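No value in this document is a laboratory result; all are computed from the given coordinates. Keep in mind it's a predicted model, so treat the numbers as computed, not measured. Backbone-built Cβ (ideal geometry, glycine too); neighbour counts: all protein chains shown.
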Amino acid sequence: MNKSVWIPKIVSFLVLSFVMNTVTAPRTAQAGEAAGFYAGEVIRLIVGYGPGGGYDAYARFLAPHLQARTGATVIVENRPGGGGLLALNQVVAARPDGLSIMLANAEAAALAQLLDKEGVRYDLQDVTWLARVSTEPRVLMWSRRSELRNLADGMQSARRINWAASGKTDSIADVTSFASAALNLNSRIIIGYKGSKEAALAATRGEVDGICVSASSAKKYAGSGKLLPVTVLGRERSTLFPKLPTVFELVKLPPDKAWLIDYRSQLTGLGRALLTAPGVPAERAGFLRAALDSILSDPEIQAEARAIGRLLNHATANRLTTLIDDTLTSLDSQTLQLLRNVVLERYY
Amino acid sequence: MLEMFAHGLQLVLTSDVLLAVLIAVPVGLLAGILPGLGGIAALALLLPFIYGMEAMTGLAFLVAVHAVIYTGGSMSAVLLGIPGAPPNAATVADGYSMCRRGYAGVAVGAALTASGVGGLIGFVVLVALLPFVQGVVTLFGSPETFLLSLLGISCIAILGRGAMVKGLIAGGLGIFLAMFGYQRISGVPRFWFDIDYLLDGFRLVPLVLGLFAIPEVLSLSGRRKATRDEAQTGLEWAQIRTGAQEVIKHHWLCLRSALIGVVVGIVPGIGGETAPFVAYAAARQNSVQPDTFGAGAIEGVIAPESSNNAKEGGALVTTLALGIPGSAGMAVLLGGFLLVGLEPGPDFLTEHMDIAIGLAMVLALANVLAVIFMLGMSKWLIRIAWVDGDILAPLLLVLVVAGAYATNNNPVDVLMVFVFGALGWILRELGYNRAALLLGFVLAASIETYLHISLQAYGAWFFLRPVSLIILAIMLLGLCWPLLRRLISQCRASPRP
Amino acid sequence: MSKGELYFLLSVSGAVSAVLCSGVFYFDYSLQILLLPLALGVVICLLCFARISILLANGFTGDLEPATTPASANAYRKHQALRTLSLLSVLPAVMLLGYPLGLTLYVFTYVKLREHSWLTASSCALVCLGLVYVLFMAILKVPLPVKPLGWL
């Protein structure tokens, strides 16, 4: 045959086979053996923040363990944007094949949905929850450069108390709003700092009077002596601060105020959680849940996490689902209005 | 303190760490040279590699890669007119002009030497400040950050000298582009038009790639292979040597630019991208021939490159001492610390000062190695500038496209590169200063945010603080310097009674 | 050229004004949110008009009338435009064919169409494949979309 005939034929054949091998035919869900499905597949563990942050650290810690327990290859993928909203929107809208899971800031996502924030395109009640990875109570701290020394000082302060945070629903500012509303504090929250560490630095410098941070962060700041831990914003003491009283031990709050602290604690209970798209086949979701439950409650893995400064507080998908349903549906429109005012307007 | 030095040295002089540094330097240089991978994308992609490494080895690897990215980036800026990383954008104007006029060797020698010297100055300052860093960073609050950002923005006026209105339009446009997306002080996304991508507004990497890489790639495609002149080869080493000597000649410029870099690096609120522009503007203000800037002034290469590398020393101070990343790259480095089980912060220096000093030494070592390595390779690298444009252009576009995707795993970033590419091409053709646009873009958020925070926390007289007043004085002095210098020389020239 | 700058300045002022109007009338932003963009927008528009008046005062050195353009200049411009478009075809290439295949084919086709040899074109395509597949995907593990039309 002529060169000018068979070269193009071979080239077309090679190109065609390359294309056909690259285009994967859609897989049909295998009834029954989810394990068989996951073996050899690739699970994307998506993080809504950039590399190097806390979520990224947790995801990279969990990935090899999940890989071992599912038989799939687990790849961590960073998709920062919108404070985690972008990735969550994408995961919720992805194909419900159980291959895209996300380590989400469930606390912030729930608050964003509750307050109808711009860019929310998900409904956490539809999402397939897998497990909660961690959660921490919040601790109220004063700056040592401020004259405030205890909770009573703050409650009696005539002048305005300044707080630092990065965004209105960043789990620092909104905790502060809830606490201020519950304790009738004369607060002004200054947002715009580039993250929790910069906000804490502002408190350390004395630029603001106080900050509400997670217990593990509070431990570090208290250890260095720059910030003074005042109280735990919840019903139970933190294991990291066994001697630090809770706000309920320090102050007798009327029910409507106590509710604010309780509700925010409930939100805190959502913590960092793993989820996947709505509509994932039940056996695959069940398989992932079982794998994650075994990983997160394994004492050796918990110790491993503690060694790199990460705490695992496991909760099952059922618990998460109940918590979410209750959080999102227990409020009447008046209370919701009040919340919106407290979180988004009152202290700015 | 001396024994900490000894401990730090001990940590560094192990085969593991030295090997890590030896591997990291070419990796960082390559990441810097390849336009699509500049800056944090490369560092972020290398983060998983250190999982499981010994703490010091993994950290040394990351610090070394990060320290030399801008050294590598200066090569693409000079030889191709494409900044390898966003901070290298300030080097493009003069470096690339020199290359086109046949002085590529001089520009390369100057850029590399300035980078190395700047890096070493950064190291010296880093080590000197570490024991006092708490006090130093406490001095720089929100008012100081606002005023420093204002100082940075005022450099737009200096960059635009000679075509002031055009420079201000470019700068203003840059600031306006930064208005899209979340406003930090209210949490409300501005002008997002219900498009998820725009919640965060426009992104830096697609902007830089679009503004600088696309127009140059389009120009490249028309260029045929240059005939290699044998006489030129000998000239190259001579040129490179000349370039290096120029840095020694301009030692005050180098020092000042490095110090600017360190200060900008230390202040967490300002992105590191600003340092080279401020250094460039300061160099221009102080130059006796300011009009040569933009057309091939050697100071226009030395100043930004020196400050680029020095700023990493400054950023490392804040990252190690406070756990606050001074830049996006440092944020990734911080992640590296967490991966190996360490947490930078106030406690870190008390317990691990030797690691901190060891990393500072790694910074210095990496800078020196990078310069030696690149000077050795420079003769061959310069040949890149002669490659046929038809081959170079599509390959560069491949790097740009893949690199743009790699930044955030977002295909829209790739599209935005071309949108900004169109803008960049128009700006270049019409003679508008793209660096001014970039500077405005980078600083806009800081200005709005820290002004608001300062007013809220301190009231209207927030600037009545010692450091703020010093910064204000420097800003006014800097802007008026050419006028003042003229007045002084006129006074001197006028005959005494 | 000056006419081009005139259109550019008008477009910039127009776009800035349109965005600001959306902020005022469509998004209904508060003053705190709109203050800086508004101030900026006003300054930018004023600067644009200042520049336009400078251009008008200096008179146009603008584009020649089409009738007086030499045919060769026209052909050259057409050639330029075609070359630019083919260079920019990288974007549809990756969207339609995925990154590894799209970029490799793009480089091969572009270099070949620019009248280089088969060997040169293949070598360039190989370099491209090496960069994309080996460097980005295998070593750096960037999840570049592989499937054609993967964005759908």
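As a proxy for reagent exposure, ranking A:Thr135, B:Thr57 by other Cβ atoms within 10 Å from fewest up yields B:Thr57, A:Thr135.
In terms of other Cβ atoms within 10 Å, A:Asp170, A:Asp325, A:Asp97 run from fewest to most in the order A:Asp325, A:Asp97, A:Asp170.
I'd like the Kirkwood hydrodynamic radius of region B:423-494, using the inverse of the mean 1/r over distinct C-alpha pairs, in Å. About 15.8 Å, per the Kirkwood formula over Cα pairs. A Förster radius of 51 Å combined with the Cβ-Cβ distance from B:Glu429 to A:Ile75 puts the calculated FRET efficiency at roughly 0.75. In this simple spin-label model, placing a label point 7 Å from the Cα along the Cα-to-Cβ direction at both C:Leu105 and C:Leu31 gives a separation of 5.8 nm.
Decide, for chain B, between rounded, prolate and oblate: order the square roots of the alpha carbon gyration tensor eigenvalues as a ≥ b ≥ c, take rounded if a/c falls under 1.5, and otherwise choose prolate if a/b is larger than b/c, else oblate. Rounded shape, in that the Cα axes give a/c under 1.5. Taking the Cβ-Cβ separation of C:Cys21 and C:Glu115 as r and a Förster radius of 45 Å, what is the calculated FRET efficiency to the nearest 0.05? The computed FRET efficiency comes out at 0.35. Between region A:267-285 and region B:403-476, what is the separation of their alpha carbon centroids in Å? With region A:267-285 and region B:403-476 each reduced to a Cα centre, they are spaced 39 Å. Computed on the Cα atoms alone, the convex hull of the protein assembly as shown gives a volume of 206 cubic angstrom per residue. In a fully extended conformation the segment linking A:Asp256 and A:Arg121 would gain 45.5 nm over its present Cα-Cα distance, using 0.36 nm per residue.
Starting from the Kirkwood Rh over alpha-carbon pairs, what translational D in µm² s⁻¹ does region C:1-53 have by Stokes-Einstein at 25 °C and 0.890 mPa s?
It diffuses with D of about 210 µm²/s by this estimate.
Working note: 222 nm ellipticity from helices only, DSSP H runs with n ≥ 4, each -39,500 (n - 2.57), summed and divided by the residues of chain A, gives -13500 deg cm²/dmol to the nearest 500. With the simple model of a label 7 Å out from the Cα in the direction of the Cβ, A:Ser330 to B:Trp481 spans 6.2 nm.
Legend: ranking of residues A:Tyr348, B:Tyr432 from fewest to most surrounding C-beta atoms inside 10 Å; resulting order A:Tyr348, B:Tyr432. Legend: calculated FRET efficiency, A:Ile308 to B:Thr350, from the Cβ-Cβ distance at R0 = 22 Å, rounded to 0.05, equals 0.65. Region B:329-347 and region B:72-92 have Cα centres lying 28 Å from one another. Its relative contact order, with pairs defined as Cα atoms under 8 Å and 6+ residues apart, puts chain A at 23 percent. Under 15 Å from a label point set 7 Å out along the Cα-to-Cβ vector of A:Glu236, the amide N atoms of region A:118-141 belong to A:134-138. Sort region B:133-283 into rounded, prolate or oblate with this rule: let a ≥ b ≥ c be the square roots of the eigenvalues of the Cα gyration tensor; rounded if a/c is under 1.5, and if a/c is not under 1.5, prolate when a/b is larger than b/c, oblate otherwise. Oblate, since a/c reaches 1.5 and b/c is not below a/b.
Cross-link list A:Lys194/A:Lys220; A:Lys168/A:Lys257; A:Lys168/A:Lys243; A:Lys194/A:Lys219; C:Lys3/C:Lys78: which exceed 23 angstrom alpha carbon to alpha carbon? From A:Lys194/A:Lys220; A:Lys168/A:Lys257; A:Lys168/A:Lys243; A:Lys194/A:Lys219; C:Lys3/C:Lys78, over 23 Å: A:Lys168/A:Lys243.
If you stretched the chain out fully between B:Leu472 and B:Ser489, how much longer would it get, using 0.36 nm times the residue separation minus the C-alpha to C-alpha distance?
Length gained, B:Leu472 through B:Ser489: 3.7 nm.
In whole percent, what relative contact order does region B:90-235 give with Cα contacts below 8 Å and a gap of six or more residues?
Taking the mean separation of contacting Cα pairs over the length of region B:90-235, I get 8 percent.
Mean residue ellipticity at 222 nm, helices only, chain B: -25000 deg cm²/dmol; runs of at least 4 DSSP H residues each add -39,500 (n - 2.57), and the sum is divided by the number of residues. The mean sequence distance of close C-alpha pairs (under 8 Å, at least 6 residues apart), as a share of the length of region B:252-399, puts its relative contact order at 22 percent.
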